[in-house]
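S.K.: One structure follows; several queries about it will come next.
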Amino acid sequence: MNLHTLKPADGSTKTNKRLGRGQGSGGSTAGRGHKGAQSRSGNSKKIGFEGGQMPLQRRVPKFGFKNNNKIYFKGVNLDVLEGLAQKINASDLSLEVLINNGIVGKNDKVKILGRGELKAKVSVSAHAFSDTATKAIEKLGGTATTI
């Protein structure tokens with residue numbers, strides 16, 4: 001087999017009809033049928049148009065409320081901090097350390113939560129702390145610093 005002998009399989013390709021190129025190319029309507037919006041040039045339907053039926057986006061009711069003033073935190077529990085402290089042998093767990101190890105994203109606001117048990121003495125800096133997390137960190141002699 002050579003590159004110059006390659007060709008598509010029989011019947012797999014066909015030439016398109018060249019419509020609108022005179023009487024021999026499919027008649028005067030050029031494959032568009034007779035009259036109506038679809039036969040005219042410049043025709044396009046609105047996005048979501050369903051032929052005059054009430055569109056889905058208008059049939060489905062609106063609901064909910066998005067408070068623009070609420071601050072959404074990414075929660076990180078004490079057991080995650082304990083695992084990270086053992087993994088990297090660090091006593092200082094700053095926001096940069098959490099970001100570099102893939103625990104939180106660089107744009108996340110971080111709140112330390114109290115699930116799990118902390119065994120190592122660590123100093124943690126984050127945007128917010130729960131009461132149980134603060135007590136657990138400070139009980140071992142660590143510090144909880146709010147950014």
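S.K.: Of the residues Asn16, Asn67, which is of a type in the set (S, T, N, Q) and under 38 Å from the mean Cα position of the chain (by Cα)?
M.R.: Details: Asn16 fails: under 38 Å from the mean Cα position of the chain (by Cα).
Criteria check complete, one pass: Asn67.
S.K.: While we're here: Going by the conditions given, is Lys62 farther than 20 Å from Leu118 by Cβ and surrounded by fewer than 10 Cβ atoms within 10 Å (Cβ to Cβ)?
M.R.: On the way: farther than 20 Å from Leu118 by Cβ: yes; surrounded by fewer than 10 Cβ atoms within 10 Å (Cβ to Cβ): yes.
So Lys62 fits the description; yes.
Table: residues versus (1) surrounded by 11 or more Cβ atoms within 10 Å (Cβ to Cβ); (2) touching a Gly at 6+ places or on another chain (Cβ under 9 Å); (3) of a type in the set (A, V, I, L, M).
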site: Asp79; (1), (2), (3): yes, yes, no
site: Gln86; (1), (2), (3): yes, no, no
site: Asp92; (1), (2), (3): yes, no, no
site: Val97; (1), (2), (3): yes, no, yes
site: Lys121; (1), (2), (3): yes, yes, no
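S.K.: Condition first: in a loop (DSSP other than H, G, I, E, B), touching a Ser or Thr at 6+ places or on another chain (Cβ under 7 Å) and either more than 13 Å from Ser94 (Cα to Cα) or among the acidic types (Asp, Glu) (or both). Now tell me which residues in segment 121-141 satisfy that.
M.R.: Within segment 121-141, Lys121 is the sole residue that qualifies.
S.K.: Here's something else I'd like to know. What helices (runs of 4 or more DSSP H), lying completely within segment 45-116, carry at least 3 residues that are free of Cβ contacts under 8 Å to residues at least 12 places away in the same chain? Break it down stepwise before answering.
M.R.: Working: elements: 56-59, 78-88, 95-100.
Per the criteria, 56-59, 95-100.
S.K.: Which one of Ile147, Ile112, Ile137 is among the aliphatic types (A, V, I, L, M) and exposed (fewer than 13 other Cβ atoms within 10 Å of the Cβ)? Please lay out each step first, then the result.
M.R.: On the way: Ile112 fails: exposed (fewer than 13 other Cβ atoms within 10 Å of the Cβ); Ile137 fails: exposed (fewer than 13 other Cβ atoms within 10 Å of the Cβ).
Result of the check over Ile147, Ile112, Ile137: Ile147.
S.K.: Among what's in segment 102-118 and is farther than 12 Å from Val76 by Cα and touching a helix residue (DSSP H, G or I) at 6+ places or on another chain (Cβ under 6 Å), pick the residue that is modelled with the highest pLDDT.
M.R.: Lys106
S.K.: Quick one: Gln38 ticks every box in (1) touching a Lys or Arg at 6+ places or on another chain (Cβ under 7 Å); (2) loosely packed, with under 12 Cβ neighbours inside 10 Å; (3) at pLDDT 90 or above except a single one, so which number is it?
M.R.: (3)
S.K.: Does Gly42 count as on the phi > 0 side of the Ramachandran plot, among the small types (Gly, Ala, Ser) and in contact (Cβ under 8 Å) with a residue 12 or more places away in the chain? Explain how you work it out, then say what you get.
M.R.: Details: on the phi > 0 side of the Ramachandran plot: yes; among the small types (Gly, Ala, Ser): yes; in contact (Cβ under 8 Å) with a residue 12 or more places away in the chain: no.
Against the criterion (on the phi > 0 side of the Ramachandran plot, among the small types (Gly, Ala, Ser) and in contact (Cβ under 8 Å) with a residue 12 or more places away in the chain), Gly42 does not qualify.
The values are calculated or read from the model by the stated rules, or taken from the named source; none is laboratory data. Remember, predicted model here, so these are calculated numbers, not experimental data. All Cβ positions, even for glycine, are placed from backbone atoms using ideal geometry, and neighbour counts span all protein chains on display.
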